[in-house]
Amino acid sequence: MALDQMTEVLQADVARFPRARLTVTKGPDKGLEVVLEGQPVVVGSDESCQLKLTDSSVSRRHFELTGGPGGYRLRDLRSTNGVRVEGVQVMDAKLSDKVRLSVGRTELRFEPERHEIQWPLSPHERFGEVLGRSLVMRRLFALLERAAPTESPVILEGDPGTGKEVLARAIHEKSARREGAFVVVELGASSEPLMESDLFGHDVSSTRPSARPGGFEEADGGTLYLDEVSELSNALQAKVLRALETNEIKRPGVMGGSAKVNVRVIASTQKDLEAEVKAGRFREDLYFKLSVFRVRVPPLRERPDDVPQLVRHFELKNKSPQAISDETLDMLSRHDWPGNVRELRNVLERLQAFPDLGAGAIAKALGKNLDPSNSDETSGAKLRAEMTNQLLSLPYHEAKERVVESFEKTYLLEHLKAANGVVTRAAQRAGLPRQSVHRMLRRLGINTSDD
């Protein structure tokens with residue numbers, strides 16, 4: 001079944017829910033407040049939280065509030081001290097009326113207002129190769145459907161693995177520039193000199209026998225995708241801004257002179273770029289130049305209803321001989337997926353390689369325990385026995401190849417996770433040359449761009 005046969009046109013609609021306020025009423029941060037207009041708001045002590053608390057008894061990311069039809073959903077993000085709603089501890093709750101929340105030594109008041117928020121929703125459950133039936137994804141698709149045909153820059157903000165590059169490519173393919181080049185410049189894993197040469201070209205040197213144009217020239221007439229744009233140095237931010245304002249770049253060295261360029265820029269970042277501007281780490285004028293359309297790509301944990309659709313899509317794409325059971329599908333839907341769609345895809349690849357492991361082993365792989373009476377040692381022994389039986393059913397060389405490949409995948413993915421997806425840092429952690437790690441990732445089918 002083709003991808004377009006898996007999707008259907010949904011009724012165009014508008015999601016409606018009340019605007020609300022979340023106010024600290026007791027504790028060291030009394031008086032702090034955030035307005036909720038449907039966007040996810042994380043409360044905790046970490047700098048990245050939309051409501052940052054200084055209470056030492058509050059976890060780094062304590063809980064999250066997300067808007068939806070009829071009200072807001074509260075989710076405890078595995079906090080240490082839990083969340084209480086009117087004195088009752090909850091893990092997941094729907095808030096539609098005024099309530100009192102308690103986290104650590106801090107109390108907050110959640111209060112809906114009469115003003116109603118309306119989100120236009122796309123009638124489609126797909127944008128390019130990105131799928132989603134959930135409200136947050138249909139809202140995202142509605143925004144991108146309006147942005148794509150324009151010439152305006154777009155900023156895609158979101159966690160690693162959420163599909164930012166795939167969305168950027170889809171924007172390009174739905175624009176008038178679709179016949180032009182789509183050029184990717186990865187900024188998160190490069191030093192400043194490499195970033196500059198990737199953007200503006202490099203000159204002849206002892207290590208580079210020929211000059212080469214940079215991303216701006218290669219994307220002339222098309223789209224330039226700047227991955228992790230927040231990693232640009234101040235000097236390079238100024239050069240990128242100048243190029244965007246003048247439609248002209250200065251070539252390095254003997255290439256000499258200047259070149260006229262006509263590009264549309266789509267940028268991505270894991271960081272909140274507005275917060276980076278306020279902290280003085282990103283130029284305000286470049287931010288305004290890039291953020292004509294500023295779009296947040298939601299993580300998979302905010303759209304668990306999309307997991308079954310994604311699972312069936314990857315089953316078809318990977319030509320899985322056996323469909324995943326409803327029990328396993330339910331378990332996958334309840335997982336938090338810190339690695340987002342990339343992590344889901346890798347888990348499904350492991351399930352395809354070992355289809356008979358069973359729900360217990362899958363739960364173990366996801367860090368869950370289906371049977372609390374089983375000790376970790378017993379569960380681990382069962383998992384090892386099931387894997388051994390699988391391997392013994394294969395010829396020696398094939399079994400050895402699977403073990404080695406599984407080890408390499410697990411090893412590299414763990415180092416990539418610890419390095420926030422930056423290959424150079426992962427290679428340093430593993431004690432391997434960066435080029436070797438890139439070759440291994442390509443051989444193992446691990447894409448280090450957002451999928």
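The values are calculated or read from the model by the stated rules, or taken from the named source; none is laboratory data. On a predicted model such as this, the values are computed, not experimentally measured, just so you know. Counting neighbours? That spans all protein chains shown, and the Cβs are built from the backbone with ideal geometry, glycine included. Just the protein is used for accessible areas: all its heavy atoms, side chains included, with ligands, DNA and RNA removed. Shrake-Rupley method; radii C 1.70, N 1.55, O 1.52, S 1.80 Å.
What is the calculated FRET efficiency for N318 to E37, with r their C-beta to C-beta distance and R₀ = 41 Å, to the nearest 0.05?
E between N318 and E37, to the nearest 0.05, is 0.55.
Quote the charge dipole size of the stretch 67-182 about the Cα centre in Debye, to the nearest 20; the model charges only the Cβ of Lys and Arg (+1) and of Asp and Glu (-1). Mind dumping the intermediate values first?
Numbers: 20 positive and 17 negative charges, 41 e Å.
Magnitude of the dipole: close to 200 debye.
For the stretch 145-175, run through the trypsin sites (Lys or Arg not before Pro) and keep only the ones in DSSP coil with at most 16 other Cβ atoms within 10 Å of their Cβ.
Taking the stretch 145-175 and a limit of 16 other Cβ atoms within 10 Å, the loop trypsin sites (Lys or Arg not before Pro) found are K174.
What accessible area per residue, rounded to a whole number of Å², is obtained for the stretch 81-230 using a probe radius of 1.4 Å?
Result: 44 Å² per residue.
Add +1 for every Lys or Arg and -1 for every Asp or Glu among the other residues with Cβ under 11 Å from the Cβ of R429, and state the total.
+1
Which percent of the accessible heavy-atom area of the stretch 27-159 goes to carbon and sulfur, probe 1.4 angstrom?
It is 47 percent, rounded to a whole number.
In cubic angstrom, how much convex hull volume per residue do the alpha carbon atoms of the stretch 132-264 span?
Per residue, the Cα convex hull of the stretch 132-264 comes to 117 Å³.
Using 0.36 nm per residue, how much length does the chain from T23 to M91 gain when fully extended, once their Cα-Cα distance is taken away? Can you show the working numbers first?
Details: separation 68, 0.36 × 68 = 24.48 nm, distance 2.03 nm.
Contour length minus the Cα-Cα distance gives 22.5 nm.
Compute the orientation-averaged projected area for the stretch 207-350 from the convex hull of its Cα atoms and round it to one decimal in nm². Show your work: numbers first, answer last.
Numbers: hull surface 51.8 nm².
Here the figure is 12.9 nm², rounded to one decimal.
In the stretch 108-143, which GluC sites (Glu not before Pro) fall in coil by DSSP and have 16 or fewer other Cβ atoms within 10 Å?
For GluC sites (Glu not before Pro) across the stretch 108-143 that sit outside H, G, I, E and B with at most 16 neighbouring Cβ atoms in 10 Å, the list reads E129.
Within the stretch 32-116, which trypsin sites (Lys or Arg not before Pro) sit in a loop by DSSP and count at most 13 neighbouring Cβ atoms inside 10 Å?
Passing both the DSSP loop test and the Cβ count: R78, K98.
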